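So the structure is just underneath, and the comments pick up after that.
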Amino acid sequence: MNGTTWPSRDDAWALVCEWTQNPNLHKHMLAVEAAMRAYARRFGEDEDLWGLVGLLHDLDYERYPSQEAGHPFRGVEHLRALGYPEVICRAILSHADYSGVARISRMEHALHACDDLTGFVIAVALVRPNRSLAGVDGPAVRRKMKDKAFARAVSRDELLHAAEALGVPFDEHVAVVVDALRGIAAELGLSA
């Protein structure tokens, strides 16, 4: 913890709601926020900072959904104009492989590792009979990873490499993310 005062979570959420109308994108950003907060606790880092990075990382995705359209550059440009700290802007840029911003800090690696995995875990939960996170664990996620037709846009190799770059065994990474998502299951529409 560095004692720095970050922009408020309420202000960041208002910004997300201003830029993004899609409820599924809201859920994705909330999921990444929860996973990032869990990792901040695990690593003894600043939970508010890591949470803001997770919450804001796809701020501009609905308006600018690709590299060609300007994601994540447009969102970061707006955050900078609002005076958001560079540590937040840099982390957001680093989550896009094409941004030219290499992931260096543990927070940047965590954002990358949590981004696709949260979506994959939610997809696994949604195809379960109870449409909840109950019973979702490392083995369940690994089984779905073997099904190439399931969530085919998600690179299985990238999921594994991102956890490795973070320095956390994959099954342990899944457990951290699932546990974090269970804490906000009602907000995600995934409670049993």
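Looking at (1) under 21 Å from residue 116 (Cβ atoms); (2) at pLDDT 95 or above; (3) more than 14 Å from the chain's Cα centre (by Cα); (4) among the charged types (D, E, K, R), find the lone condition where residue 58 falls short.
(3)
Failed condition for residue 128, given (1) touching a residue at least 60 places away in the same chain (Cβ under 8 Å); (2) more than 17 Å from residue 162 (Cα to Cα), with all others met?
Exception for residue 128: condition (1).
For the range 10-25, enumerate the residues that are in a helix (DSSP H, G or I) and either more than 15 Å from residue 75 (Cβ to Cβ) or under 16 Å from the mean Cα position of the chain (by Cα) (or both). Please lay out each step first, then the result.
From the range 10-25, those in a helix (DSSP H, G or I) are 10-19, 23-25; that's our starting set.
Within the range 10-25, 10, 12, 13, 16, 23, 24, 25 qualify.
State which residue pairs qualify: first residue crowded, with 16+ Cβ neighbours inside 10 Å and inside the range 92-111, second residue of a type in the set (A, V, I, L, M, F, W, C) and not in a helix (DSSP H, G or I) in any location, beta carbons under 8 Å apart, and separation of 6 or more residues or different chains.
As it stands, the answer is 92/59; 93/101; 94/101; 94/102; 94/104, since those pairs meet every condition given.
Condition check: part of a helix (DSSP H, G or I) and closer than 26 Å to residue 65 by Cα. Does residue 117 satisfy that? Break it down into steps so the answer makes sense when it comes.
Values: part of a helix (DSSP H, G or I): yes; closer than 26 Å to residue 65 by Cα: yes.
Taking the combined requirement at face value, the residue satisfies it.
Checking residue 31 against (1) out of contact with any Ser or Thr (no Cβ under 6 Å at 6 or more places or on another chain); (2) within 15 Å of residue 115 (Cα to Cα); (3) surrounded by 15 or more Cβ atoms within 10 Å (Cβ to Cβ), which single condition isn't satisfied?
Unmet condition: (1).
Across the range 129-144, which residue is surrounded by the fewest Cβ atoms within 10 Å (Cβ to Cβ) among those that are of a type outside the set (A, V, I, L, M) and assigned to a loop (DSSP other than H, G, I, E, B)?
Residue satisfying both the conditions and the ranking: 129.
Go through (1) of a type outside the set (S, T, N, Q); (2) farther than 22 Å from residue 170 by Cα; (3) touching a His at 6+ places or on another chain (Cβ under 8 Å) and name the single condition residue 112 misses.
The single condition residue 112 does not satisfy is (2).
Taking the range 161-187 as the region of interest, how many residues are in contact with a His (Cβ under 9 Å, 6 or more places away or on another chain) and either surrounded by 20 or more Cβ atoms within 10 Å (Cβ to Cβ) or among the hydrophobic types (A, V, I, L, M, F, W, C) (or both)?
4
Restricting to the range 39-96, count the residues that are closer than 18 Å to residue 6 by Cα and of a type in the set (Gly, Ala, Ser).
Number satisfying all stated conditions: 8.
Considering only residues that are under 17 Å from residue 86 (Cβ atoms), crowded, with 22+ Cβ neighbours inside 10 Å and touching a residue at least 24 places away in the same chain (Cβ under 8 Å), which ones fall in the range 60-76?
72, 75
The values are calculated or read from the model by the stated rules, or taken from the named source; none is laboratory data. All of these numbers come straight from a predicted model, not from anything done at the bench. Note: ideal-geometry Cβ built from the backbone for every residue, glycine included; neighbour counts use all protein chains shown.
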